[in-house]
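These notes concern the structure reproduced below.
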């Protein structure tokens with residue numbers, strides 16, 4: 001670990017970020033170049049003291065998950081992320097399509113969607129980031145570990161995963177999830193995680209096994225997603241998708257037709273708060 005170089009790198013990357021780059025107000029009395037340390041710490045999901053010690057060349061060696069959080073918080077490019085890992089004494093993460101790194105451009109878009117349900121997912125259906133209103137709408141999908149990180153895995157192994165979706169849509173969604181996973185599996189070839197996900201589902205879910213054997217590709221379920229909220233009831237939403245080909249990640253943005261009942265319910269998400277797990 002090169003503490004001096006790591007400290008200098010963090011300092012320069014923090015100063016290069018402006019408050020408006022990450023959705024923060026500048027304020028009339030700001031004198032700091034770029035972000036303040038406490039602002040950077042919040043973006044990186046750590047205490048101000050921990051972050052400050054890293055910049056002061058006296059912090060402990062950050063773990064790989066902590067470095068990944070710093071890379072996201074400081075909006076680092078892939079090259080910058082790899083440099084960060086090397087400075088901290090770790091091997092650089094794989095750049096395979098399964099990587100959890102979110103591009104700075106995708107993060108900038110997400111920062112501007114604070115009043116909208118939105119999330120970033122991987123090709124395997126793993127949610128990396130969510131806006132607060134996304135958590136209020138469908139629950140915290142970043143809290144899972146192992147194969148359960150994949151929504152497809154949860155859909156076929158955990159009945160609670162289906163509670164947020166209208167029961168009449170379950171059959172069509174199952175077909176679509178399997179078809180999408182098959183396309184990803186074919187594209188990634190021998191990817192270990194994709195293979196493990198498929199093998200696990202084949203062993204655990206008779207429904208998945210039957211649909212996998214049908215070998216469907218390109219299944220679509222219509223433009224409207226019907227979300228069932230425990231307090232607001234049924235919401236009929238459109239889901240716009242922005243695809244990042246370099247990272248094989250997608251940004252999902254949920255909207256409703258202005259003036260509709262579902263649009264009014266979306267406005268209430270900020271009031272009802274986070275959706276409890278398993279509802």
### Task
List the helices (runs of 4 or more DSSP H) that sit entirely inside the range 1-94 and contain at least 2 residues that are more than 30 Å from residue 192 (Cα to Cα).
3-16, 37-44, 48-55
### Query
Filtering the range 254-279 down to residues that are touching a helix residue (DSSP H, G or I) at 6+ places or on another chain (Cβ under 9 Å) and surrounded by 15 or more Cβ atoms within 10 Å (Cβ to Cβ), which residue is nearest to residue 163 (Cα to Cα)?
275
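Yes/no per residue for (1) closer than 28 Å to residue 116 by Cα; (2) surrounded by fewer than 17 Cβ atoms within 10 Å (Cβ to Cβ); (3) in the same structural domain as residue 244 (by TED's automatic domain parsing); (4) modelled with pLDDT of 85 or more:
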| site | (1), (2), (3), (4) |
| --- | --- |
| 14 | yes, no, no, yes |
| 35 | yes, no, no, yes |
| 53 | no, yes, no, yes |
| 58 | no, yes, no, yes |
| 64 | no, yes, no, yes |
| 73 | yes, no, no, yes |
| 78 | yes, no, no, no |
### Task
Report yes if residue 173 is touching a residue at least 40 places away in the same chain (Cβ under 8 Å), surrounded by 14 or more Cβ atoms within 10 Å (Cβ to Cβ) and assigned to a helix (DSSP H, G or I), otherwise no.
yes
### Query
Which is in contact (Cβ under 8 Å) with a residue 12 or more places away in the chain, touching a strand residue (DSSP E or B) at 6+ places or on another chain (Cβ under 8 Å) and not in a loop (DSSP other than H, G, I, E, B), of 181, 201, 197, 211?
197
#### Entry: Residue that is farthest from the chain's Cα centre (by Cα) [pool: residues in the range 215-239 that are surrounded by 12 or more Cβ atoms within 10 Å (Cβ to Cβ) and under 26 Å from residue 185 (Cβ atoms)]
216
### Message
Exactly one condition in (1) modelled with pLDDT under 95; (2) within 14 Å of residue 251 (Cβ to Cβ); (3) buried (at least 16 other Cβ atoms within 10 Å of the Cβ) is false for residue 147; which is it?
### Response
(2)
### Query
Are any of the residues in the range 110-120 closer than 30 Å to residue 206 by Cβ, in the same structural domain as residue 199 (by TED's automatic domain parsing) and surrounded by fewer than 22 Cβ atoms within 10 Å (Cβ to Cβ)?
no
### Task
Among what's in the range 214-225 and is in contact (Cβ under 8 Å) with a residue 40 or more places away in the chain and touching a helix residue (DSSP H, G or I) at 6+ places or on another chain (Cβ under 6 Å), pick the residue that is nearest to residue 255 (Cα to Cα).
221
### Message
Within the range 154-170, does at least one residue satisfy the condition of being closer than 30 Å to residue 231 by Cα and buried (at least 21 other Cβ atoms within 10 Å of the Cβ)?
### Response
yes
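The values are calculated or read from the model by the stated rules, or taken from the named source; none is laboratory data. What you see is a predicted model, and the numbers here were worked out from it, not measured in a lab. With ideal geometry, Cβ positions are generated from the backbone for all residues, glycine too; neighbour counts draw on all protein chains shown.
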